[in-house]
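Heads up: the structure comes next, in structure tokens.
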């Protein structure tokens, strides 16, 4: 064990002392898992008595770290992140000590003694790396890679351990098991066995390992090829398939690990990698695009399984705003924006995890905007300014864009005047250009001002259409909303508006019209053709920022939708050009990831 870095060997304790400590930790573990459940269900006050206990248990300190991480992930408050990082560092220290203390114990679960603390160590290392990443400090992000490497190494070591289901459990008297049984039954119900504490340890080890190793493998399998080769050279050997398998195995766990695995899987299947526009035949994505996917159908498809598990999780955690957010996203993915809005229209006063108030309200407002309910959306975006200090520029800009649409529809001068005020507010809050949305707002308003009076120029531009593309909103709109979006762009007579109209036509299934529009009014502004009809990037283009790479990407998607795999080489050719576009465009909306993942699909 000293060689493995877990300290010097500790003298073996007598059997009675060992058994008492194993039982005590099992009670701490059961109560800890229950405490995390209450936090996930937004009843943190119920977890307070447990969190206030003073103990050197690595499992207790892990619970502290997990609770803090749940809040920090969604709030990203610097002080919350710092406190959580401190808790996780303390957990690592305690885990090392507990590993050293227990490694020569008599086996008390299916795994070698101390394995549960190695899982706690790996979780603390993984969560600690996540805290470093969301801190937005470049130094901390660099340290995060080292922390992830440590977590990977710990999990790899656990993977090599041999499980022994035939171990002899420690025997306790009913009186000794009273507190343990009470804790286990309170968490899982009275029908669950509570005469073998090893089952609690096995549950933590199995679910914790699968969740953590699954997350690490999926995340690292999605990074660019060049970086993945470098990571492989220093010891990271990740398989996306293995990672997904581990996460799928985790979602049936009887604890919060199942819900975390579910959220990760849902985020993965809604990522640019899985929800890109290059749709392979015979997949769920094809059914969704055709409007013929039914998630309640009893089958083994990933989205059906996720939807069914989401209903289980919502029953387990009825107050969880995290799951409200996920269900809203799931409905939007299936083009059911009205249903998504209904789910997300919760009373924010009942959202006890304050960090989730903004994303819930933002998503609701986003889908209202995609349904062209501009007055309501404008009011909501202004209200979002009060909910978060981070996005004043972005939300003021979006409110202004909505009011400009109100002005165009209703010729309401008050809406135009208010839009002018909000655009100036947005510009004043966009002076700090470190954050990409602030950078976009500053750049876009600067461009508009160069052409003339700000609001007079803005009202003639497809500002909201650009935002829809950034949100991937056109792929989620129902047909009537798409048709209205198309009509709103009529008469603008510029290649950027033509690009957006081509995207809308593709989503309406009018491929030939969109292809013709793309080739005649968009592509000639982005590429030139050599004598062999091969496209090359043009040195001059009237298209701005995000639009040139988007045009090249969309041209590839049209090629695929019309001709499929028989034109795979031409599809790849357009994707390569999109990938080569070197400008730092702010409003990419995952476009870079889509390009890279679609390259993988074509190959």
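The values are calculated or read from the model by the stated rules, or taken from the named source; none is laboratory data. Everything quoted here is computed from the prediction, not taken from an experiment. For neighbour counting, all protein chains shown are included, and Cβ atoms are generated from backbone atoms with ideal geometry for every residue, glycine included.
Here's the yes/no breakdown for (1) under 23 Å from residue 482 (Cβ atoms); (2) out of contact with any helix residue (DSSP H, G or I) (no Cβ under 7 Å at 6 or more places or on another chain); (3) assigned to a helix (DSSP H, G or I):
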position	(1), (2), (3)
512	yes, yes, yes
517	yes, no, yes
548	no, yes, yes
552	yes, no, yes
562	yes, no, yes
572	no, no, yes
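Just a yes or no: is a residue in the range 104-112 in contact with a helix residue (DSSP H, G or I) (Cβ under 8 Å, 6 or more places away or on another chain), closer than 15 Å to residue 21 by Cα and assigned to a helix (DSSP H, G or I)? Give the steps one after another, and end with the answer.
First, pick out the residues of the range 104-112 that are in contact with a helix residue (DSSP H, G or I) (Cβ under 8 Å, 6 or more places away or on another chain): 105-106, 108-111.
Restricting the remaining residues to those that are closer than 15 Å to residue 21 by Cα gives 105-106, 108-109.
Next cut, assigned to a helix (DSSP H, G or I) only: none.
No, the range 104-112 contains no residue that is in contact with a helix residue (DSSP H, G or I) (Cβ under 8 Å, 6 or more places away or on another chain), closer than 15 Å to residue 21 by Cα and assigned to a helix (DSSP H, G or I).
Yes/no per residue for (1) crowded, with 24+ Cβ neighbours inside 10 Å; (2) at pLDDT 95 or above:
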position: 113; (1), (2): no, yes
position: 116; (1), (2): yes, yes
position: 121; (1), (2): yes, yes
position: 124; (1), (2): yes, yes
position: 132; (1), (2): no, no
position: 138; (1), (2): no, no
position: 143; (1), (2): no, no
position: 146; (1), (2): no, no
position: 150; (1), (2): no, no
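Return the residue satisfying two criteria in turn: it lies in the range 152-164 and is free of Cβ contacts under 8 Å to residues at least 60 places away in the same chain and surrounded by 15 or more Cβ atoms within 10 Å (Cβ to Cβ), and of such residues it is nearest to residue 239 (Cα to Cα).
Going through the qualifying residues, I end up with 156.
So for the range 475-492 (the condition being in contact with a helix residue (DSSP H, G or I) (Cβ under 8 Å, 6 or more places away or on another chain), more than 22 Å from residue 407 (Cα to Cα), assigned to a helix (DSSP H, G or I) and in contact (Cβ under 8 Å) with a residue 40 or more places away in the chain), does at least one residue qualify?
Yes; the residues of the range 475-492 include at least one that is in contact with a helix residue (DSSP H, G or I) (Cβ under 8 Å, 6 or more places away or on another chain), more than 22 Å from residue 407 (Cα to Cα), assigned to a helix (DSSP H, G or I) and in contact (Cβ under 8 Å) with a residue 40 or more places away in the chain.
Are there any pairs with C-beta distances below 7 angstrom linking a residue in the range 40-67 that is without any contact (Cβ under 8 Å) to a residue 60 or more places away in the chain to a residue that is part of a loop (DSSP other than H, G, I, E, B), with the two at least 6 apart or on different chains, and if so which?
Within 7 Å, the pairs are 60/53.
Looking at the range 541-548, can you tell me whether even one residue there is surrounded by 14 or more Cβ atoms within 10 Å (Cβ to Cβ) and either over 30 Å from the mean Cα position of the chain (by Cα) or farther than 26 Å from residue 464 by Cβ (or both)? So that I can check it myself, show each step before the final result.
As a first pass, look at the range 541-548 and keep what is surrounded by 14 or more Cβ atoms within 10 Å (Cβ to Cβ): 541, 543-548.
In the following step, the residues that additionally are either over 30 Å from the mean Cα position of the chain (by Cα) or farther than 26 Å from residue 464 by Cβ (or both) were identified as 541, 543.
Looking through the range 541-548, at least one residue is surrounded by 14 or more Cβ atoms within 10 Å (Cβ to Cβ) and either over 30 Å from the mean Cα position of the chain (by Cα) or farther than 26 Å from residue 464 by Cβ (or both).
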